[in-house]
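Asks: One structure follows; several queries about it will come next.
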Amino acid sequence: MKNQSEKTAVGMFKSSTILAFVTLVCVFLLAGTWKLTADKIAQQHQQAVLNSLNRILPVTSYDNLILNDYIEISAPGFFKHSNPVRVYRARKQEQPVSLVLQFTTSEGYNGDIDLLVNIDTNGIIVGVQVTKHRETPGLGDDIDSRRSDWISDFTGHSLNSPDSKGWTVKRNGGYFDQFTGATISPRAVVKAVRRALEYEATNRQRLYQLPSEAPEHPQTDNYHGVVQ
Amino acid sequence: MSTSLDTAPGWREILTNGVWHNNAGLVQLLGLCPLLAVSNTMVNALGLGLATLLTLVVCNLLVSLLRGIIRPEIRIPLFVLILASVVTVIELAMEAWLYELFHILGIFIPLIVTNCAIIGRAEAFASRNRPLAAALDGFATGLGFALVLLLLGTARELLGSGTLMQDAELLFGSMGKSLSVVVIPDYRGFLLAVLPPGAFIILGLLVAGKNAMQARSAKLLLANQPASE
C-alpha cells in the first residue's frame with residue numbers, strides 16, 4: 001500500500017518536472033522568436049499605416065513625419081462610435097496642409113466600416129479611403145477602392161458642395177450614387193464623411209494646434225495596434 | 001509508449017493515407033472552420049494551407065522526438081503546449097514577413113491551434129513513431145488538408161469572381177502579380193460561391209466526388225476478384 005502511494009508520488013514528480021522543463025523550453029523559444037521579429041513587425045506596421053495614408057495624401061504635399069504627428073480625440077456622441085478618432089496632421093514647412101481623420105462608423109450593412117478622410121485647410125476633401133469593412137462581396141463592397149472607384153467621387157467636395165440636402169445617396173434625394181442592390185453601405189460612407197467634414201470645420205484650429213500624442217518612437221511597443 | 005517499429009507503416013502508405021484515404025478535410029471532416037472560412041480565394045487558401053502544413057510537420061516532429069519522455073497522464077497538455085508554441089512562432093514570422101496576408105487571414109492563423117486534425121495526428125501517430133515517419137505523416141496530412149483548401153479556393157474564386165490567383169503578390173511578393181489571371185472578363189460575380197453557404201455546398205460536392213470515385217474503384221476491385229471474401 002505504502003509502496004503504491006510512493007510510486008504515485010514519484011510518478012507525479014517526474015510528470016511535473018517534464019511538464020515544467022518543456023514549458024521552459026517553449027518560453028525561451030517564444031521569447032527568442034519575439035525578439036527576432038519585433039522590430040520587423042513594428043516596421044511593417046508603420047509601413048502599412050503609411051501606405052494607407054499615402055493613398056489619399058499626395059506624398060509631395062507634406063514634409064513632416066506624419067506618423068509622429070497625430071492626436072486622438074474621443075467624440076462618441078458626434079461620431080456615434082466608441083472608437084477614438086485619430087487625426088494625422090500633414091504640414092509643409094511647419095504650415096498646416098491637411099488633416100487625415102481615421103475613424104469608424106457602425107452604420108454599415110454588416111457592422112463597422114473604418115475610414116480615412118483627408119481634408120485640406122479650406123474644408124475641401126482631398127481623398128477618402130475605406131480601410132476595413134465587412135460589406136457584402138459583390139454588392140456593398142464597391143465602397144472599397146480595390147473594387148470600384150466610387151470612393152474617389154468625394155474628392156473636391158466640401159460641406160457647401162453639395163449643400164446639406166445633397167449629402168446623402170441619390171435614392172434619398174442626395175448627390176452621391178448608390179449601387180445596384182446596395183444602398184446602405186454607400187449611404188453609411190456618405191454620412192460618415194459628412195460627419196468628418198463637420199467635425200473638422202468646427203475644430204480646425206484646435207486640431208492643428210494640439211500637441212502631438214505620438215510616443216517618441218511610435219508603434220515599437222504596440223505592434224498589435226488596430227490601425228489598418 | 002509502445003514504439004511499434006516492426007509494424008511502422010511505409011512512406012507510401014503514410015502519404016496515401018494522409019492525402020487520400022484518411023484526408024483531414026474530406027474523410028475525417030476535421031478543421032472545417034478554417035477550411036470553410038478562408039477558402040474564398042486561392043491565395044487565402046494557399047496561405048492557410050501552407051501554414052497548417054508547416055505546423056503539422058514541426059509539431060509531429062517535436063512530439064515524436066519527445067515521445068521517450070512523454071508520460072501518458074501529461075501527454076495532452078504537452079501536445080497543446082507544443083502546438084501552441086509552434087503556431088505562435090509561425091504567427092510572428094508571418095506577421096513579420098507576410099504582413100498583409102497575415103492580416104487578411106486574421107484570427108485563423110492563431111486558430112490553427114484548435115484544428116483537431118493536428119492534435120489528432122500527434123496522439124494517433126507522432127507519439128508512437130520515429131521522427132522521420134512522424135514528420136512525413138505531418139507532411140502528408142498537411143498536404144491533404146492544403147489540397148482540399150486549394151481546391152475549394154479555386155472553385156470559389158472562379159465561380160464567385162471569375163479570377164484565379166487574385167492578389168497573388170500578398171503571398172509571392174511583386175513577382176506574384178503576373179500569376180493573377182482574369183478567366184472570365186466582365187464577370188458579374190456569383191455571390192453564393194463567395195459566401196459561407198457556397199463553401200458548404202462545394203465541400204459537399206467534393207466529399208461526394210471522392211466517395212463516388214472510391215465506390216467505383218471498389219466495384220472494379222470486386223469485379224476483378226469475385227472469389228475473395
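The values are calculated or read from the model by the stated rules, or taken from the named source; none is laboratory data. Fair warning: this is a prediction, and the values are worked out from it, not measured in the lab. Here the Cβ is made from the backbone with ideal geometry for all residues, glycine too, and neighbour counts use every protein chain on show.
Asks: Can we say A:Ile56 is among the β-branched types (Val, Ile, Thr), touching a residue at least 40 places away in the same chain (Cβ under 8 Å) and assigned to a loop (DSSP other than H, G, I, E, B)?
Replies: On the way: among the β-branched types (Val, Ile, Thr): yes; touching a residue at least 40 places away in the same chain (Cβ under 8 Å): yes; assigned to a loop (DSSP other than H, G, I, E, B): yes.
Answer is yes for this residue.
Asks: Any chance you could count how many residues in region A:113-144 are surrounded by fewer than 19 Cβ atoms within 10 Å (Cβ to Cβ), in contact with a strand residue (DSSP E or B) (Cβ under 7 Å, 6 or more places away or on another chain) and away from chain B (no Cβ under 14 Å)?
Replies: 4
Asks: Are there any pairs, at least 6 apart or on different chains, whose C-beta atoms fall under 6 Å, with the first in region A:16-35 and facing chain B (nearest Cβ under 10 Å) and on the phi < 0 side of the Ramachandran plot and the second among the β-branched types (Val, Ile, Thr) and assigned to a helix (DSSP H, G or I), and if so, which?
Replies: That search, which allows pairs on different chains as well, returns A:Leu19/B:Ile74; A:Leu30/B:Thr88; A:Thr33/B:Val89.
Asks: Under the condition of being in contact with an Asp or Glu (Cβ under 9 Å, 6 or more places away or on another chain) and closer than 20 Å to B:Leu152 by Cα, which residue from region B:170-182 is farthest from the other protein chains (Cβ to nearest Cβ)?
Replies: B:Leu179
Asks: Within region B:85-112, which residues are within 9 Å of another protein chain (Cβ to nearest Cβ), of a type in the set (D, E, K, R) and surrounded by 17 or more Cβ atoms within 10 Å (Cβ to Cβ)?
Replies: B:Glu95
Asks: Looking at A:Glu72, A:Glu94, which one is of a type in the set (D, E, K, R), more than 11 Å from chain B (Cβ to nearest Cβ), touching a Pro at 6+ places or on another chain (Cβ under 7 Å) and surrounded by fewer than 14 Cβ atoms within 10 Å (Cβ to Cβ)?
Replies: The unique qualifying residue is A:Glu72.
Asks: Would you call A:Gly156 touching a residue at least 12 places away in the same chain (Cβ under 8 Å) and more than 30 Å from B:Leu195 (Cβ to Cβ)? Spell out how you get there, then give the answer.
Replies: Values: touching a residue at least 12 places away in the same chain (Cβ under 8 Å): yes; more than 30 Å from B:Leu195 (Cβ to Cβ): yes.
In short, yes.
Asks: Do the conditions hold for A:Asn3, that is, is it out of contact with any Leu (no Cβ under 7 Å at 6 or more places or on another chain) and outside any helix (DSSP H, G or I)?
Replies: Spelling it out, it is not the case that A:Asn3 is out of contact with any Leu (no Cβ under 7 Å at 6 or more places or on another chain) and outside any helix (DSSP H, G or I).
Asks: Still on this structure, I have one more. Does A:Ile41 qualify as being part of a helix (DSSP H, G or I), more than 32 Å from the chain's Cα centre (by Cα) and modelled with pLDDT of 90 or more?
Replies: no
Asks: Continuing with the same structure: Among A:Ser5, A:Ser15, which is more than 18 Å from B:Ala84 (Cα to Cα), among the polar types (S, T, N, Q) and surrounded by 15 or more Cβ atoms within 10 Å (Cβ to Cβ)?
Replies: Of the residues listed, the single one that is more than 18 Å from B:Ala84 (Cα to Cα), among the polar types (S, T, N, Q) and surrounded by 15 or more Cβ atoms within 10 Å (Cβ to Cβ) is A:Ser15.
Asks: Further question: Determine the pairs where a residue that is free of Cβ contacts under 8 Å to residues at least 12 places away in the same chain, located within region B:103-123, has a partner that is part of a loop (DSSP other than H, G, I, E, B) with Cβ atoms under 8 Å apart, the partner being 6 or more residues away or on another chain.
Replies: As it stands, the answer is B:His103/A:Gln228, since those pairs meet every condition given.
Residue by residue, here is whether (1) crowded, with 18+ Cβ neighbours inside 10 Å; (2) within 16 Å of B:Leu48 (Cβ to Cβ) holds:
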position	(1), (2)
B:Arg156	yes, yes
B:Gly162	yes, no
B:Met165	yes, yes
B:Leu170	yes, yes
B:Val181	no, no
B:Tyr187	no, no
B:Pro196	no, yes
B:Leu205	no, no
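Asks: Of all residues in region B:55-84 being out of contact with any helix residue (DSSP H, G or I) (no Cβ under 6 Å at 6 or more places or on another chain), part of a helix (DSSP H, G or I) and more than 9 Å from chain A (Cβ to nearest Cβ), which is surrounded by the most Cβ atoms within 10 Å (Cβ to Cβ)?
Replies: This residue is B:Arg75.
Asks: Output the residues belonging to region B:39-54 that are assigned to a helix (DSSP H, G or I), of a type outside the set (A, V, I, L, M, F, W, C) and within 14 Å of chain A (Cβ to nearest Cβ).
Replies: Of everything in region B:39-54, just one residue is assigned to a helix (DSSP H, G or I), of a type outside the set (A, V, I, L, M, F, W, C) and within 14 Å of chain A (Cβ to nearest Cβ), namely B:Asn44.
Asks: Would you check if A:Lys7 is within 14 Å of another protein chain (Cβ to nearest Cβ) and within 30 Å of B:Ile74 (Cα to Cα)? Steps first, answer last, please.
Replies: Details: within 14 Å of another protein chain (Cβ to nearest Cβ): yes; within 30 Å of B:Ile74 (Cα to Cα): yes.
Spelling it out, A:Lys7 is indeed within 14 Å of another protein chain (Cβ to nearest Cβ) and within 30 Å of B:Ile74 (Cα to Cα).
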